[in-house]
Amino acid sequence: MGIIRFSALLIGVSMLFACGGGSNTGSSEGSNPGTPAGNGDSGCAGSCANASSFLTVEDIQKIIAQAVNEAQAQGTPATITVIDRVGNVLAAYRMTGAPRTQRVDSGRGVVGGLEGLSIPSELTAIAKAITSVYFSSEGNAFASRTAGQLAQEHFAPGDITAPSGPLFGVQFSQLPCSDISRRFNGIGPDAGPHRSPIGIAADPGGLPLYKAGVPVGAIGVSADGIYGVDTNSGDIDRNFDEIVAVAGTFGFAAPQDRRADRISAGGLTLRYADIEFNQLARDPAAAPAFSTLDAGAGEVFAIPGFFSGTIARGLAFGQVESGIRPDPVNFPGLDAFVVDDGTGTNRFPPIDGTDGQNALTSGEVLTLLQEGLKVANRTRAQVRRPFGSPAGETVVVVDTNGVVLGIVRSRDALLDAVDVTTQKARTAAFFSGAYAAADIASVAQQPLGFLSNTVDLANGRVEFATTGAIDPTRYVPALQAFLPQPSALTDGSIAFSNRAISNLSRPYYPDGVPGRPPGPLSLPINDWSVFNTGLELDLDYSQTALFVASYLQAIGLTVSLDGTDLPPIGEAPTNCTGISRIPNGITLFGGSVPIYRGSTLVGAIGSSGDGTDQSDLVAFLALHNAGVALGGAIGNAPPSMRADNFVPQGARLLYVQCPQAPFLDSTEQYVCEGK
């Protein structure tokens with residue numbers, strides 16, 4: 001069946017220290033751990049969050065004051081944002097003289113995609129903050145630097161012989177046009193998870209904030225004029241965004257043993273930050289109070305669509321107000337949490353499918369979600385401490401129309417997973433359907449081409465210029481020729497998992513083999529960057545760029561395109577692609593499989609949160625186990641339909657890639673084999 005027995009990228013937790021720090025010397029100074037467990041562990045393993053786990057206004061003011069103090073010492077004025085765990089912007093502070101924009105630049109010399117665009121610094125700062133807290137939990141603390149390391153074409157970045165990162169493609173999730181991520185209500189913090197202005201950040205400058213071992217928010221800083229990515233994880237950088245952010249975290253820093261530089265992936269220790277508290281120019285503990293910052297230092301300012309201009313307290317994760325709360329009724333004994341609208345109403349309860357007589361029933365959806373959590377609760381976590389913790393996963397079921405039929409989460413699962421797991425499930429259902437090619441053809445005429453822009457603040461203008469056309473349809477014949485299968489994406493005969501689509505979307509095929517051609521859904525390596533990936537971005541680009549243009553209008557600038565001033569653009573739609581089945585876009589790392597009733601496609605199930613191989617396992621086994629529980633009514637794709645029957649370029653596509661011996665309560669091996 002082509003199911004791989006051994007993980008090609010087993011993510012293993014390690015006691016090793018990273019080469020880059022964030023106070024990685026063993027000192028706990030400035031951190032905010034929970035009550036120690038008495039065995040050397042900092043104490044929190046997913047159950048510490050309570051109604052008091054939130055940032056107060058006083059906390060936020062202290063964080064900003066510490067960051068400003070360091071920025072002043074460095075002579076680098078910064079834009080600073082603070083958010084809560086579900087993505088509400090709680091404060092935004094612009095120092096006098098801070099760069100008003102950051103230029104997107106991967107450092108690869110690539111033209112196209114988002115490369116070269118100038119983005120308002122407050123938007124990049126929010127993206128960095130959202131990235132760091134959405135990728136953190138009580139069991140792991142990841143920075144935006146960590147996300148950049150995990151999302152590139154090589155893992156580790158700079159090693160041209162290595163395969164791509166385990167979160168390849170994640171940067172185009174949490175988009176401003178997502179139908180899943182929530183939007184600012186215009187008043188203050190409310191139920192999340194909330195959207196990012198420009199997706200997930202790969203640029204250093206975002207760090208999570210902790211209180212008593214619980215992630216309660218994050219700081220994001222933009223100071224150096226470049227929104228980029230660290231393409232060499234083997235050196236130590238002096239990144240001013242990160243330096244200022246580290247200072248801001250003092251007293252709220254992640255517990256030492258939860259930081260990314262205590263976690264390894266594929267034998268490589270992850271990166272957290274390249275600066276330690278004792279390397280800062282000033283002692284953050286001695287920073288003057290926020291109340292002493294006068295108008296000459298800077299100001300708190302409003303961000304249209306994100307922040308009112310008044311500093312507000314954060315929301316307590318796990319409480320109804322946060323949008324994430326427990327559901328013991330539908331998931332008894334599973335420690336399950338659901339996505340709430342902030343009033344006690346589940347946003348995504350199990351419902352019937354919308355796609356005809358073979359549609360999934362709400363009962364089947366509930367069984368799928370329950371089985372997903374059962375598998376996750378048995379699975380050994382791979383990116384969280386302490387050792388022996390169960391995986392924290394989010395499970396999503398969709399139908400063939402892309403309608404979300406249900407979402408459930410582990411207690412401490414990562415927040416990014418609400419949006420990205422929906423992308424995963426929709427990606428598998430979309431590419432497995434007979435409609436995929438026609439749907440892509442329907443958006444052949446994109447509203448915009450690729451753009452560059454020039455910002456003239458003195459005259460209040462931003463000039464956009466078209467630099468190239470966008471044509472998503474070109475990827476369809478490329479895939480058909482690559483497999484080769486002339487009817488691919490037109491007849492529904494191939495069951496594509498997200499792992500298979502991921503294989504086809506890398507700038508080398510097979511993945512990580514220099515000199516080989518790109519997958520048919522990717523750009524060639526000389527044109528590829530984390531900001532210019534291929535079909536994934538081509539589908540999202542127009543609405544992402546339009547959002548940036550609309551924001552520039554909202555802050556009072558006149559925006560033109562190719563010499564013509566644009567009328568008011570307004571708020572972004574809740575569809576990033578123009579395709580109803582994939583409104584929040586697609587993603588390119590494993591963790592979803594299509595659902596079949598016999599040989600009829602009826603939807604897909606996705607999982608994400610604690611290692612890509614673990615997510616493959618949860619989605620694949622949940623579907624198998626649900627099928628058994630339901631008497632064979634639904635199940636995984638028939639083996640003859642699975643994408644791993646194809647061997648393009650002499651390298652077999654993968655369907656799922658399960659860990660060898662994944663369970664905490666069993667020594668069973670090869671658990672996906674034969675299913």
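So here's what we get for this one:
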| quantity | calculated |
| --- | --- |
| For the stretch 305-440: relative contact order, % (alpha-carbon pairs under 8 angstrom, 6 or more apart) | 19 |
| For the stretch 206-222, Karplus couplings with θ = phi - 60° (6.51, -1.76, 1.60), whole Hz, Gly/Pro x | x, 9, x, 10, 10, 9, 6, x, 10, x, 10, x, 7, 10, x, 10, 10 |
| Under 11 Å, Cβ to Cβ, from G611 - net charge with Lys/Arg +1 and Asp/Glu -1 | -2 |
| Distance histogram for the chain (every C-alpha pair counted, 10 angstrom bins, percent rounded to whole numbers) | 3, 17, 29, 28, 17, 5, 1, 0 |
| Sorted by Cβ neighbour density within 10 Å, fewest at the top, the residues F277, F172, F496 | F277, F172, F496 |
| Long-range amide H partners of G34 with built H, under 5 Å | C44, G213 |
| Net length gained if the chain between N278 and F663 were fully extended (0.36 nm per residue, minus Cα distance) | 134.5 nm |
| Length-normalised contact order for the stretch 625-675 - Cα pairs under 8 Å, 6+ apart - percent | 19 |
| Theoretical gain in end-to-end length, Q445 to L457 [0.36 nm per residue, Cα-Cα removed] | 1.1 nm |
| Neighbour net charge for N278 - beta-carbon separation under 14 angstrom, K R +1, D E -1 | -4 |
| A651-E299 pseudo-label distance in nm [points 7 Å out on the Cα-to-Cβ vector] | 5.4 |
| Packing-based exposure ordering (other Cβ within 10 Å, fewest first) of K211, K675 | K675, K211 |
| Inter-part distance where the stretch 438-515 and the stretch 595-664 are each reduced to a Cα centre, Å | 25 |
| Residues with amide H under 5 Å from that of T558, placed H, sequence gap 5 or more | R461, V462 |
| Among I407, S599, T35 - extreme Cα towards positive end, dipole of the chain, charges at beta-carbon | S599 |
| The stretch 422-430 - phi-based ³J(HN,Hα) in whole Hz, Karplus 6.51/-1.76/1.60, Gly and Pro as x | 5, 4, 4, 4, 5, 4, 5, 5, 5 |
| Relative contact order [Cα under 8 Å, 6+ residues apart], the chain, whole percent | 19 |
| Centre separation in Å (Cα based) which lies between the stretch 379-407 and the stretch 548-574 | 38 |
| The chain, helix-only ellipticity at 222 nm - DSSP H runs n ≥ 4, -39,500 (n - 2.57), divided by all residues, nearest 500 | -6500 deg cm²/dmol |
| For R597, net neighbour charge (Lys/Arg +1, Asp/Glu -1) across residues whose Cβ lies under 13 Å away | -3 |
| Magnitude of the charge dipole, the chain, Cβ model with Lys/Arg +1 and Asp/Glu -1, debye to 20 | 800 |
| Integer Hz, Karplus 6.51/-1.76/1.60 couplings in order for the stretch 75-89, x for Gly and Pro | x, 10, x, 9, 9, 10, 10, 10, 10, 9, 5, 9, x, 5, 7 |
| Per-peptide average of other Cβ atoms within 10 Å, ordering 255-261, 115-121, 448-454 highest first | 255-261, 115-121, 448-454 |
| Projected label distance in nm at T345 and S487, using a 7 Å step from Cα toward the beta-carbon | 4.5 |
| Dipole of the stretch 199-256, positive end: most advanced residue of P255, I243, P204 [Cβ charges, Cα centre] | P255 |
| Stretchable slack from E673 to T564, in nm (0.36 nm times residue separation minus alpha-carbon distance) | 33.3 nm |
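No lab work stands behind these numbers, since they all come straight from the coordinates. Quick caveat, the model's predicted, so the values are computed rather than measured. Because the Cβ atoms are built from the backbone with ideal geometry, glycine has one as well, and the counts that use them run over all protein chains shown.
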